[in-house]
Amino acid sequence: MQGLTQNYITPFALVMKATTAQIGLLSTVPNLLMSAAQLVAPTLSERLGSRRGLVMLMALFHALMWIPILLIPFIFSTNQVMWLITFMTISTMFDATSQPAWGSMMADLVPEEVRGKYFGNRNRIAGLVAGAFSYVAAGILQVLTGNPRLAFSIIFIGAITARLCSLYFLSRMEEPTFKNIARKTQANIWQIGKTLPATNIGKFIIFCALFNFSVMLSGPFFSPYMLKELKFNYVIYSIINSAAGLATIAFLSWWGKRTDKAGNIKILRITAFMVPFVPIAWVISTNFGWLIFAQIYSGFAWAGFQLPSSLFIYDASPQENRT
């Protein structure tokens, strides 16, 4: 599902004549409300009595939301981009609501001493599949250049099918028994928020917030820059995007082993200084070969940042407050 969609929502919006400002909104509004949706995840998980149950329910709603998204060009003659922003926001919120419960389950399932290796291998497999289907989506768009509505319909139907198939495998996961911890030892989201500057994980969360603030200043605009300003076709666009993904896949296991050996914070200290040079590389040249090199560097740096970022949360958060 990710391979068919994550690099193609912006091209879908550009087919609808989206402005640069609307592309910015397409990234920021869903991400902002996604974060808000995650605040209710612990309460929903508790009321359902099952973390896996919440994950499966949200995954179902997430899959179904691609239906109105693919129908936008067929049922709306005006304000198509605004409808896309609306539906993408709802879809993203459903997906986001499942993530805290899923992360909490995985922290219980995967032994601490092999988390780096395990998640490195897991992300590598997921990345390979996503990369392969990203090329499939690019091929469909290139072949059906004259009929983008049909092309995106085929792509999004594939995404719906893949997400629904994932429900089966989610249902096969074993949910670890959650410790029966007294209510007085659990903190709500506001209590945790008040203590952020004084705790280890709190300082990490503040760091991530500031880091992502800077990343999102440029992140949403790489796709319109390539498609509108540099006039790349869908195949070249896909090749450049996938170069970063393939580099991430290639280096995930390498970073995973070093994370298990050196610890999460040491790796984060190195890679946090590497990531800011990614957008700088795009300023130097628009040459295809140079941009491929820039994307390989990006994949290497981001692989070394994202993996220990996730693992540190699992390590630093007490089980009773992890979700």
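The values are calculated or read from the model by the stated rules, or taken from the named source; none is laboratory data. On a predicted model such as this, the values are computed, not experimentally measured, just so you know. With ideal geometry, Cβ positions are generated from the backbone for all residues, glycine too; neighbour counts draw on all protein chains shown. Each accessible area value is taken on the protein alone, full model and side chains, heavy atoms only, with ligands, DNA and RNA left out. Shrake-Rupley method; radii C 1.70, N 1.55, O 1.52, S 1.80 Å.
Results for (1) touching a Lys or Arg at 6+ places or on another chain (Cβ under 8 Å); (2) closer than 27 Å to residue 102 by Cα; (3) modelled with pLDDT of 85 or more, shown as yes or no for each residue.
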{"residue": "152", "(1), (2), (3)": "no, no, yes"}
{"residue": "160", "(1), (2), (3)": "no, yes, yes"}
{"residue": "168", "(1), (2), (3)": "no, yes, yes"}
{"residue": "194", "(1), (2), (3)": "no, yes, no"}
{"residue": "200", "(1), (2), (3)": "no, yes, no"}
{"residue": "213", "(1), (2), (3)": "no, yes, yes"}
{"residue": "234", "(1), (2), (3)": "no, no, no"}
Q. Given the conditions (1) hydrophobic (A, V, I, L, M, F, W, C); (2) closer than 20 Å to residue 134 by Cα; (3) touching a helix residue (DSSP H, G or I) at 6+ places or on another chain (Cβ under 6 Å), which single one is not true for residue 268?
A. (2)
Q. Checking residue 103 against (1) touching a residue at least 12 places away in the same chain (Cβ under 8 Å); (2) more than 17 Å from the chain's Cα centre (by Cα), which single condition isn't satisfied?
A. (2)
Q) Conditions: (1) within 16 Å of the chain's Cα centre (by Cα); (2) touching a residue at least 40 places away in the same chain (Cβ under 8 Å); (3) surrounded by fewer than 22 Cβ atoms within 10 Å (Cβ to Cβ). Residue 32 meets all but one. Number of the miss? A) (2)
Q) Of (1) over 19 Å from the mean Cα position of the chain (by Cα); (2) modelled with pLDDT of 85 or more; (3) hydrophobic (A, V, I, L, M, F, W, C), residue 190 satisfies all except one. Which? A) (2)
Q: Residue by residue through the range 256-294, note down the ones that are among the β-branched types (Val, Ile, Thr) and open to solvent by 30 Å² or more (accessible area, probe 1.4 Å).
A: 265, 270, 280, 283, 284, 286, 292
Q) Within the range 268-286, can one find any residue that is among the basic types (Lys, Arg), touching a Ser or Thr at 6+ places or on another chain (Cβ under 9 Å) and within 24 Å of residue 207 (Cα to Cα)? A) no
(Q) Consider the range 70-107. How many of its residues are buried (at least 17 other Cβ atoms within 10 Å of the Cβ) and over 22 Å from residue 30 (Cα atoms)? (A) 4
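Does at least one position in the range 24-33 carry a residue that is assigned to a helix (DSSP H, G or I) and either over 28 Å from residue 209 (Cβ atoms) or of a type in the set (Asp, Glu) (or both)?
The first filter runs over the range 24-33 and keeps only residues assigned to a helix (DSSP H, G or I), leaving 24-33.
Keeping just the survivors that are either over 28 Å from residue 209 (Cβ atoms) or of a type in the set (Asp, Glu) (or both) gives none.
Checked the range 24-33: no residue is assigned to a helix (DSSP H, G or I) and either over 28 Å from residue 209 (Cβ atoms) or of a type in the set (Asp, Glu) (or both).
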Q: Within the range 109-126, track down each residue that is open to solvent by less than 60 Å² (accessible area, probe 1.4 Å) and closer than 15 Å to residue 306 by Cβ.
A: 115, 116, 119, 120, 121, 123, 126
Q: Answer yes or no as to whether residue 135 is within 14 Å of residue 238 (Cα to Cα), touching a Gly at 6+ places or on another chain (Cβ under 9 Å), assigned to a helix (DSSP H, G or I) and among the hydroxyl-bearing types (Ser, Thr, Tyr).
A: yes
Q) What number of residues within the range 127-168 satisfy the criterion of being surrounded by 14 or more Cβ atoms within 10 Å (Cβ to Cβ), among the small types (Gly, Ala, Ser) and without any contact (Cβ under 8 Å) to a residue 12 or more places away in the chain? A) 1
